[in-house]
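Novice: This is the structure, below, for whatever I ask next.
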Amino acid sequence: MENVQGKILKEIVDERIRQDEIWGGKEHDDGHRVNDWVAIITEYLGRSREEPHNIKNFRNNMVRVAALAVAAVESVDRAVGKSAAITELANR
């Protein structure tokens, strides 16, 4: 039996790569604040409401939402890492 979850996760990773190629990667992502991420993700969720019977578009939007959520977590983790590194340096 095919690993359905693995296939979906690969699609999400592929979408993250596509997003980075279009938008420029972490330099672009790290310019977003929490409210920016919420707005971007909400936009794609809203697009799914516009055509509730178009399952293909719904699915594509959900893959994009998942990839955007990953981008948001990556950005937050980088910011927290930078903040922790600055605090560590300041405490030396």
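Here's the yes/no breakdown for (1) over 25 Å from LEU9 (Cβ atoms); (2) modelled with pLDDT of 95 or more:
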| position | (1), (2) |
| --- | --- |
| LYS26 | no, no |
| ILE40 | no, yes |
| ARG47 | no, no |
| LEU68 | no, yes |
| ALA71 | no, yes |
| GLU88 | yes, no |
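Novice: Would you tally the residues in the stretch 1-50 being acidic (Asp, Glu) and within 12 Å of the chain's Cα centre (by Cα)? Steps first, please.
Specialist: Within the stretch 1-50, the subset acidic (Asp, Glu) is 2, 11, 14-15, 20-21, 27, 29-30, 36, 43, 50.
If we keep only those that are within 12 Å of the chain's Cα centre (by Cα) too, we end up with 14-15, 20, 29-30, 36.
Result for the stretch 1-50: 6.
Novice: Which condition from (1) modelled with pLDDT of 95 or more; (2) more than 20 Å from ASP77 (Cβ to Cβ); (3) surrounded by 11 or more Cβ atoms within 10 Å (Cβ to Cβ) is the one that LEU9 breaks?
Specialist: (2)
Novice: A follow-up question, please. Of all residues in the stretch 31-48, which are surrounded by 14 or more Cβ atoms within 10 Å (Cβ to Cβ) and under 12 Å from VAL76 (Cβ atoms)?
Specialist: HIS32, TRP37
Novice: Same structure, new question: Filter the stretch 20-50 down to residues that are touching a helix residue (DSSP H, G or I) at 6+ places or on another chain (Cβ under 7 Å) and closer than 25 Å to GLN5 by Cα, then give me how many there are.
Specialist: Result for the stretch 20-50: 7.
The values are calculated or read from the model by the stated rules, or taken from the named source; none is laboratory data. The structure displayed is predicted, hence computed values, not measured ones. Quick reminder, even Gly has a Cβ in these numbers, built from the backbone with ideal geometry, and neighbours come from all protein chains shown.
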